[in-house]
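Read through the structure below, which is laid out as structure tokens, and then see the notes.
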Amino acid sequence: MNMMSDYVSKNQKHKTQPGIAYFSMEVGIDPSLPTYSGGLGVLAGDTLRAAADLGVPMVGMTLLYRKGYFRQHLDSYGNQSESPTEWSPEKILEPMEPRAIVTIEGRNIKVRAWRYTVQGINGHVVPVYFLDTSLPDNSNWDQELTDHLYGRDDHYRLCQEVVLGMGGIAMLRALGYREIQSYHMNEGHSALLTLALIEEYTQKSGVPAPTEAQKEAVRQHCVFTTHTPVPAGHDKFSLSLARQVLGEERANTLTSADCCYDGMLNMTYLALSLSRYINGVAMRHGQISRDMFPSYPINSITNGVHAVTWTTTPFQRLFDSYIPEWRKDHIYLRYTISIPLDEIRQAHAEAKRELLAEVERRSGIRLDPTVLTLGFARRASTYKRADLLLSDIERLKRIARQVGPLQIIYGGKAHPRDKGGKAVIRRIFEAIAAVRGLVPIVYLEDYDMTLGHSLCAGVDLWVNTPQKPQEASGTSGMKAALNGVPSLSVLDGWWVEGHLEGVTGWSIGDSWQVANNPAVEAASLYEKLEELILPLFYKRPDAFAEIMRSAIAINGSFFNAQRMVSQYVKNAYRLELALSQYKEVDMVTEAQIRELAYALWEQEGRLEGKDQEYYFRAKQMLKEQEAASLPVKEPVPPASALQPPSAPKPIARRTGKGRSKKA
């Protein structure tokens, strides 16, 4: 019998509801759920997993996407075509009985939810709800609102964002979640949840229009993470469309919320205006965001990845052997520095064999496991510049002939309407033909979480070439680092913080503060390959393995979702007890300690003279169990409360171009 679980099942006190509601347009939580397109959704999934591991009281909210993002198909010239993803929510998710109502264009649309349960390493559960409008009571068009991720036109997208933001709040209430302390918007797609919260205040107070005090009350419960470092990437909709979809009264509320300029509803400004905590996703991105939105107090919390999810099996076994604590506390990955280099190499060699077997299965191309293998896989977008590595074909061939052989594995989807991204894929296919016979290059179609897991772990070098400063963070290099794969990357996003030249990898260019110069960056990339990386790989394998080991110890131990979520808890969520500073609170009573101590004493034969030992053992067991509940001494009043909390010291907020006012 497991005495602790048996004791808890009989004696555990009632737990409070989740304190944080995490909203994201996409969530990559399971490879069998095609409800993500790329980094934003995978980050959301990693956030929810880490919250479950850490015992954070969180609930997730997203849309279902019955036809997924899309399946990618590439012909022999690199032309991309798409088809819907076929899957059955009924086989994977749990249907929930409650229904919510959301009003779009004057129509009441019914919404249901499907639940996916994320269970943490200590048993804590984070439920994730996928909203679905495919109900017979809805019109055919309304049923399709939760079919496609980032599909169709602005009208469709705005209606989807109404379902996510306003429908998400309605569903939380229908499911009984009424004590939420913080609503976390992962990008601006869910910003209309603020409108739903404002309406809750106005309806309860009986006033016809929201007051500034009510807006401030909503602001005190909202957290906003922005991911886009360029103005063009932020969701905007015409005010005429907003009035059509939301109605005149709601549109008027939005125009008073400091988020409408030049005839456009800007979802980023809506989230900025009605959030008390705002952050970018890397140090550099925070700086860029403050320049873009100077009237708002923007912080930085650098992204991280869920270490257990993205560490391949060979390295999981290795870590379990040397540092078993790593699964619960990722800072222990620092101790990787003590693992023998031979064992690092052996684990990587196994991961590489698995990757190359998958490459052959998918493409029919057999790559050489002894050859330096470069990986580049992410969304095919022009600013990511996947073809920079191939910008000088003759130099690349010369390096392969004179310095050492190399091979490259590509992957990544272009958005169906992204003509520039599709053109990048075609150029890579042209380069494949130009170097055939000397530099093997494979482009794997339909890149997803499963392929990403193998690719990040199995290549020898991870390449990243974004156009500065457009990489908000990037997380693929973090996943590679967990598996001992160093990066060769432009100094942008997370790499500004993770780069130690010749220790965790290498930079393309010398400074993150220098403007883009593609010719200079391409020259730097080739120089690093020719003069440093290839000679190190082939002639000094121990030195290369030391860099592999340092990538894990230095970057793997920091750029993980456990650290990231801990920072949100400490800085954004108003959960007072920091994860690293848990201490016993009144949820563990003296009576409980003595009761468990007595049970231990009885089970172990009623040994005499060990009263103190049993007491402290019982106390520690209960303390560890209760740590997962993240108790808060003085919780912030829930957003559903009738009276708004007293306003804090005012801060400057945007009221127009170049103007600000006191909130």
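The values are calculated or read from the model by the stated rules, or taken from the named source; none is laboratory data. For clarity, every value in this text was computed on a predicted model and none was experimentally measured. Positions of Cβ are backbone-derived with ideal geometry, glycine not excepted, and every protein chain shown enters the neighbour counts. These area figures cover heavy atoms from the full protein model, side chains too; ligands, DNA and RNA do not enter into them. Shrake-Rupley method; radii C 1.70, N 1.55, O 1.52, S 1.80 Å.
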quick note, the stretch 230-368, DSSP beta bridge pairs, % antiparallel (nearest 5) is 60
Helix-only [θ] at 222 nm, the chain, -39500 (n - 2.57) per DSSP H run of 4+, per residue, nearest 500, equals -11500 deg cm²/dmol
Flagged as over-length at 24 Å C-alpha distance, from LYS67/LYS110; LYS328/LYS413; LYS352/LYS479, the pairs are LYS328/LYS413
Treating every alpha carbon of the stretch 29-145 as one equal point scatterer without solvent, the Debye formula yields log10 I(q)/I(0) values at q = 0.09, 0.12, 0.20 Å⁻¹ of -0.31, -0.53, -1.13
The stretch 406-462, convex hull of Cα, quarter of hull surface, nm² -> 4.3
Probe 1.4 Å, heavy atoms of protein chains only: per residue, the accessible area of the stretch 234-318 in Å² is 32
Checking rank on 533-541, 72-80, 500-508, 51-59, with mean other Cβ inside 10 Å and highest first, the result is 51-59, 500-508, 533-541, 72-80
Of all DSSP beta bridges having both residues in the stretch 17-137, the percent classed as antiparallel (nearest 5) is 70
Expressed in angstrom and rounded, the centroid-to-centroid distance over alpha carbons for the stretch 228-255 and the stretch 276-298 is 22
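Would you list GLU445, GLU90 from the most to the least accessible area, probe 1.4 Å?
Ranked from most to least accessible, the order is GLU90, GLU445.
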Semi-axes a, b, c in Å (a largest) for the chain, each sqrt of 5 times a Cα gyration tensor eigenvalue, come to 41, 35, 23
With the 1.4 Å probe rolled over protein heavy atoms, the stretch 473-537 has an accessible area per residue in Å² of 31
Of all DSSP beta bridges with both partners in the chain, the antiparallel percent, nearest 5, is 40
Output for the stretch 58-142: trypsin sites (Lys or Arg not before Pro) sitting in coil per DSSP, at most 14 other Cβ within 10 Å, listed by number, reads ARG99
As straight-line cross-link partners of LYS419, the qualifying aspartates and glutamates (C-alpha separation under 14 Å, not fewer than 8 residues apart within one chain) are GLU82
Counting only protein heavy atoms with a 1.4 Å probe and every protein chain in place, the carbon and sulfur fraction of the accessible surface of the chain in whole percent equals 50
